[in-house]
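K.L.:
Below you'll find the structure I mean.
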Amino acid sequence: MIETARVANVDHPLDPLSQDELEKVIVAARRELKLSQHHLIAMVQLEEPTKSALADYQNGKTYSRAARLTIFDRTTAKVSETVITISGKVLSQQIIEGAKAPILSVESAQAIAAAKKDQRVIEALLQRGISDLSTVIMETWPIGAQIPKHFDDGRRIIWTPMWHKPTPQANFYAHPISGLHAIVDIDSGEVLAVENDQQIAIPKTPGPYRQSQTGADVSLKSLVIQQPDGVSFSLQGHKVDWERWSFRIGFCQREGLVIHDVWFSDDGQPRKIAHRMSIAELVIPYGDPSQGAYRKNAFDTGEFGLGNFTNSLTLGCDCLGEIVYLDVAVANPDGTVREIKNAICLHEEDFGILWKHVDTDGNVEVRRGRRFVASSIVTINNYEYGYFWYFYQDGSIEFEAKLTGIVLTLADTPGNPHPSATELEPGLWAPYHQHILCARLDLDIDGDVSGANNTVVEIDSFAHELGPKNIYGGAYEISETIFKHELNAKRVVDPFKSRFWKIINPNRKNHMGHPVGYKLVPGHTTFPLALPESTIGKRAGFMYQHLWVTKNETSERYPAGDYPFQHAGGAGLPQWTQANREIENTDVVLWHVFGTNHIPRAEDWPVMPVERTGFHLKPSGFFARSPAIDVAPASKPCH
Ligand code: CO
């Protein structure tokens, strides 16, 4: 096994911000903006080039890389965004009126310290038999539901679910301290209230999962993946070339892993498929109204900054085979910069057969398939999310989210009727919830560096009634509907019609005279159970459609808006699409909403085996025939 960790040279406009660049821009911002210790760095993102700036760069024009700093002024509670070049020139600066900064890590730590010092909390814990505060684990969660009226005056507040960790290595999620929470003003650090309304016994059954505790010993013989001739991909900076694919690896403190500038070489001719693909939001609405669980509606991307929680991956464990890792760097609220080693895993995987046919004369043609994987994993409180982008030899691209980690828990009387949760162990309950992701897909089907004019089409399959158009009853056809305006393109999946969507380039025709395109194939998915009039329903209004199509606008990046924390609702896709812009034969963005409905099972405890959800982008009339036909057979003939 070869492990190659690379700090790639930063020399392309789309490369992630390096540690060195982050440090430089923060120093420059401190100087230029006269920042003090009252200013927290909420986020630093690459200020990505426009498509035309990228085209100019490809044509030899110089390009100055820049960063967008989101700064929170603790004295005024104002959020501002500043775009500044790496060399320190301020390009723009703007106060974002009404924006609330997400909870920052230093604020979480201060809130927990304040809650642990609060006499009401200390006494409530004593009532529950806990005197050692070091055995109490508190998390800080946004209030993702109605904010208690007496605090709803615009301040930023959090609440603190608590767990008991009776021994240093215990799985504390087995021991929820239900009915006790502090509500903290994170601007002032003041504990505003302590809720201690329901005293429920702390569940006692431990939930061990570490090998040192379980003695797990079910094992198999070793499986070694070797590529004795080396890997089949090359990496120049952050640009990957593999098989006929070429694309760039990006990273964002908010979204995590990003894929840029995707091309496929068709008979030696590079053809563009995508400009930028990312998971722009991940929201987890909880369906249990009891004990504060109704507030656990977190935007893991928009409120937490998912990229902040990227794991350092381990060879042979997270990733198997010949791996190349990329490191990333993120800014801390105090302006220091943290490097995350082995953050992004790049490798090839055997993926079974690509295609096969046995002819009547006995001739066998079979091709083994391989896929390229770019992946990263985050840990946000109890849950892990893996983001996996797959590139296949048939010209298709797949995204898969892998969900694992520990389900959130609360306590209730053993055996009590509790309609929105599963009892995992006596008195230990896991509330129902959904994981809803939204991909932002800036595809440029058969375009060039400066973009493409594309159109999105909905394809339904249907049968005519028995009669002249369906004589035998088995006939069916497809209907194709072109989306002309944004409001026409708010759509949901329909398995009864085998519905899918196609993004075509009406200006480029294939060998049969049809526009070239890619189809978006939804996978296993869900639909939100939270009512649209609920707080989370309003704040994550994007959830209620599986597809949105918008006219490409670089400032429209996040489907629930830029600042979902304590937002009144309506921002993002529901707001932008009110303009009902024309979306036919223009530069468009597809937004695909997908996810899982998690009714916890006994087998999801103590650590949930990976659940998968995602989607597939497949060429549909993009090539004249299967590009997989050009894949050579394995060196050894197959019979
Ligand atoms: Co879940």
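The values are calculated or read from the model by the stated rules, or taken from the named source; none is laboratory data. On a predicted model such as this, the values are computed, not experimentally measured, just so you know. Cβ: placed from backbone, ideal geometry, glycine included. Neighbour counts: every protein chain shown. Remember, those area values only see protein heavy atoms, side chains included, never the ligands or the DNA or RNA. Shrake-Rupley method; radii C 1.70, N 1.55, O 1.52, S 1.80 Å.
K.L.:
Can you tell me the length gained on complete extension of the stretch D241 to D334, counting 0.36 nm per residue apart and subtracting the Cα distance?
P.N.:
Value of the extension gain: 29.7 nm.
K.L.:
Regarding the stretch 105-214, what is the average projected area of its C-alpha convex hull, in nm²?
P.N.:
7.7
K.L.:
Then there is this: Among 557-564, 380-387, what's the highest-first ranking by average C-beta atoms within 10 angstrom per residue?
P.N.:
Result, highest mean Cβ count within 10 Å first: 557-564, 380-387.
K.L.:
A follow-up question, please. Out of the DSSP beta bridges found with both residues in the stretch 228-361, what percent are antiparallel (nearest 5)?
P.N.:
Antiparallel bridges make up about 95 percent of those DSSP assigns within the stretch 228-361.
K.L.:
Now a separate question. Using only the alpha carbons of the stretch 215-365, what is the convex hull's orientation-averaged projected area in square nanometres?
P.N.:
17.4
K.L.:
What do the square roots of 5 times the Cα gyration tensor eigenvalues come to for the stretch 1-125, in whole Å, largest first, as semi-axes of the equivalent ellipsoid?
P.N.:
Its equivalent ellipsoid spans semi-axes of 36, 21, 12 Å.
K.L.:
Starting from the Cα of S105, step 7 Å toward the Cβ, then list every residue of the stretch 29-56 with an amide N under 14 Å from that point.
P.N.:
41-44
K.L.:
In whole Å, what is the distance between the alpha-carbon centres of the stretch 589-639 and the stretch 354-376?
P.N.:
What the calculation gives is 16 Å, centre to centre.
K.L.:
Using 0.36 nm times the number of residues separating C317 and E480, minus their current alpha carbon distance, what extension gain do you get?
P.N.:
So the extension gain works out to 54.1 nm.
K.L.:
Give the distance, in whole Å, between the Cα centre of the stretch 558-572 and the Cα centre of the stretch 509-544.
P.N.:
Result: 18 Å between the Cα centres.
K.L.:
Over the Cα atoms of the stretch 374-435, what radius of gyration and what Dmax do you get, in Å?
P.N.:
Just the Cα atoms of the stretch 374-435 yield Rg and Dmax of 17.2, 54 Å.
K.L.:
5 Å is the cut-off here: which amide hydrogens, built 1.01 Å from N in the peptide plane, fall below it relative to I380, excluding neighbours closer than 5 in sequence?
P.N.:
Y385
K.L.:
Still on this structure, please answer the following. At 0.36 nm per residue, and after removing the present C-alpha to C-alpha distance, how many nm does the segment from V610 to F351 gain when stretched out fully?
P.N.:
Taking 0.36 nm per residue and subtracting the Cα distance, the gain is 91.4 nm.
K.L.:
In square angstrom, what is the accessible area per residue of the stretch 396-483 with a 1.4 angstrom probe?
P.N.:
39
K.L.:
Suppose we keep just the alpha-carbon trace of the stretch 482-562; what are its Rg and Dmax in angstrom?
P.N.:
My reading of the Cα-based Rg and Dmax gives 15.6, 51 Å.
K.L.:
Determine the dipole magnitude for the chain: charges of +1 sit on the beta-carbon of Lys and Arg, -1 on that of Asp and Glu, nothing else is charged, the reference point is the Cα centre, and the result goes in debye to the nearest 20.
P.N.:
It comes to approximately 380 debye.
K.L.:
How large is ³J(HN,Hα), in whole Hz, for each residue of the stretch 290-295 in order, when computed from phi with the Karplus curve 6.51 cos²θ - 1.76 cosθ + 1.60 and θ = phi - 60°, using x for Gly and Pro?
P.N.:
Using θ = phi - 60°, the values come out as 8, 6, x, 4, 5, 8 Hz.
K.L.:
Going by average Cβ density within 10 Å per residue, which order do the peptides 117-127, 44-54 take, highest to lowest?
P.N.:
Going by the mean number of other Cβ atoms within 10 Å, highest first, we get 44-54, 117-127.
K.L.:
Also: Take the cross-link list K34/K78; K204/K402; K61/K239; K51/K490; K239/K272; K221/K341 and give me the ones stretching past 22 Å between alpha-carbons.
P.N.:
Where the Cα-Cα span goes over 22 Å, the pairs concerned are K204/K402; K51/K490; K221/K341.
K.L.:
Right, another one. For the stretch 271-325, rounded, prolate or oblate, judged on the Cα gyration tensor with a ≥ b ≥ c (square roots of eigenvalues), a/c < 1.5 rounded, else prolate if a/b > b/c?
P.N.:
oblate
K.L.:
For the stretch 3-95, what does the accessible surface come to per residue with a 1.4 Å probe? Please give it in Å².
P.N.:
49
K.L.:
Quick check: at a probe of 1.4 Å, how many percent of the accessible area of the stretch 105-214 sits on carbon and sulfur atoms?
P.N.:
Roughly 52 percent, rounded to a whole number.
K.L.:
Still on this structure, please answer the following. Taking the simple approach of a point 7 Å from Cα along Cα-to-Cβ for both T205 and N363, what is their distance in nm?
P.N.:
For T205 paired with N363, the spin-label model returns 6.2 nm.
K.L.:
Another question about this same structure. With Cβ to Cβ distances under 13 Å as the rule, what net charge do the other residues near I629 carry (K, R +1; D, E -1)?
P.N.:
Net charge around I629: -1.
K.L.:
Turning to a different aspect of this structure: Based on Cα coordinates alone, diagonalise the gyration tensor for the chain, multiply each eigenvalue by 5, take square roots, and list the semi-axes in whole Å, largest first.
P.N.:
With the √(5λ) rule applied to the chain, the semi-axes are 41, 30, 27 Å.
K.L.:
Helix 105-117 against the longest principal axis of the chain: what's the angle in degrees, Cα atoms only, rounded to the nearest 10?
P.N.:
Approximately 30 degrees, to the nearest ten.
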